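Only the coordinates and a few stated rules stand behind these numbers; no lab work does. Quick caveat: nothing in here was measured; it's all calculated off a predicted structure. When we count neighbours, we look across all protein chains shown, and the Cβ atoms used for this are built from the backbone with ideal geometry, even at glycine.
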Amino acid sequence: MCSSGKDLPLQLGEKNSDDQSLKLALAISLLRSKIQQKQPPSNPPAEAAKPDAFRWKQKAKERKQEILRLREDLKDAEGFLTLICFQMTSAKEPE
């Protein structure tokens, strides 16, 4: 975070921004999840014929991919927050 140590309102604003960026990342991942759930499976009968171990491995891969997407969303949100923070601090510097 970009705090000067003496601006308490600025620090509280940054905390709110952190909360908002986390909420944004979660909202994006939820939307992606909803879209994926609405898409029809490619081969439902073939899915029933697969062994349980294969299905569990496939589900684990999907969970891992979702975690990676969430991490990327969080990195994007943090980068955006850093940019905003930099702009705020440069705007407050005395001329």
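A simple rule links phi to the HN-Hα coupling: the Karplus curve 6.51 cos²θ - 1.76 cosθ + 1.60 with θ = phi - 60°, which for the range 25-35 gives 4, 5, 5, 4, 5, 5, 4, 4, 4, 4, 5 Hz, with x for Gly and Pro.
Here residue 36 and residue 83 are evaluated by their C-beta separation; at R0 = 22 Å the FRET efficiency comes out at 0.15.
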